[in-house]
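So the structure is just underneath, and the comments pick up after that.
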Amino acid sequence: MIMIRTLVLALAAALCAGSASAEAKIPLARISAYLNSFVTAKAEFTQVNGDGTISTGTLFIKRPGRARFEYAPPNDALVIAGGSQVAIYDPKSNQPPEQYPLSRTPLNIILARNVALSNERMVVAHSSDGTTTSVVAQDPEHPEYGNIRLVFTDDPVQLRQWVITDNAGGETTVILGDMTTGVDLRSSLFNIVLETQERMRQ
């Protein structure tokens, strides 16, 4: 649970970044258009933690404002963004989830009704390594909290991974599989109140 808590707290600090060259980078307007092109999406993910351990799971997105990270066994943790909150569920606890305001995380940017990265104060870098384009973001009021780097490929534009750097310099990388958009996702998947009630009854 520590690494998941670190993941979400670091989200209160940022969006994405990359390497040196500015050649062939995807314009922020195209990245924004890509994120605005779908309402729902689903993708498998692999999370590489700072200590070298690996977790896997499934990500569900329903814009605006909703996401769900289901971690596979033996982790079995769950993170939900919904109702303007981000909730972290510990499978080993019968206590209510830890919650943080969605507005304090970069998830708020990519889950917005209308994504416009060029207008976001959080975005502090935009670069390319010749193969991928990265967008870096951090809390402009608290850069010491860390940052997050979103990595995109082109033709067509796709989000491939993000890397979170925490305030101690530790990194957590989330690598996405192919993202399927336009999927049918019921709203209850993103309902923190219902999820909490169901877990408290178990």
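Once the Cα atoms of helix 192-201 and of the chain are each reduced to a long axis, what angle between those two axes, in degrees from 0 to 90 to the nearest 10, is obtained?
Once rounded, the angle reads 30 degrees.
When the Kirkwood radius is taken over all Cα pairs of region 107-183, what Stokes-Einstein diffusion coefficient follows at 4 °C and 1.567 mPa s, in µm²/s?
Using the Kirkwood radius from Cα pairs, D works out to 95 µm²/s.
As a footprinting exposure proxy, order 183, 193 by other Cβ within 10 Å, with the fewest listed first.
In order of increasing Cβ crowding within 10 Å: 193, 183.
I'd like the orientation of helix 2-11 relative to the chain: the angle between its Cα long axis and the longest Cα principal axis, in ° from 0 to 90, rounded to 10.
The angle comes out near 50 degrees.
For an R0 of 22 angstrom, estimate the FRET efficiency from the Cβ-Cβ distance between residue 58 and residue 154 and round to the nearest 0.05.
Working from the Cβ atoms, E equals 0.30.
Quantify how much of the Cα-Cα distance distribution of the chain extends past 23 Å, in percent.
41
Which aspartates and glutamates have a Cα lying under 16 Å from the Cα of residue 42, excluding residues fewer than 8 positions away in the same chain?
The qualifying aspartates and glutamates are 70, 178, 184.
Could you work out [θ]222 nm for the chain from helices alone, using -39500 (n - 2.57) per DSSP H run of at least four and dividing by all its residues? Round to the nearest 500 deg cm²/dmol.
-4500 deg cm²/dmol
Spin-label point model (7 Å from Cα, Cβ direction): what's the residue 72 to residue 85 distance in nm?
About 3.0 nm, to one decimal.
Set the Förster distance to 25 Å, then compute FRET efficiency between residue 181 and residue 142 from the Cβ-Cβ distance, nearest 0.05.
For residue 181 and residue 142, the calculated efficiency is 0.15.
Every read-out reported here was derived from the displayed coordinates using simple, explicitly stated rules and does not represent laboratory data. Since the model is a prediction, treat every value here as computed from it, not as a measurement. Note: ideal-geometry Cβ built from the backbone for every residue, glycine included; neighbour counts use all protein chains shown.
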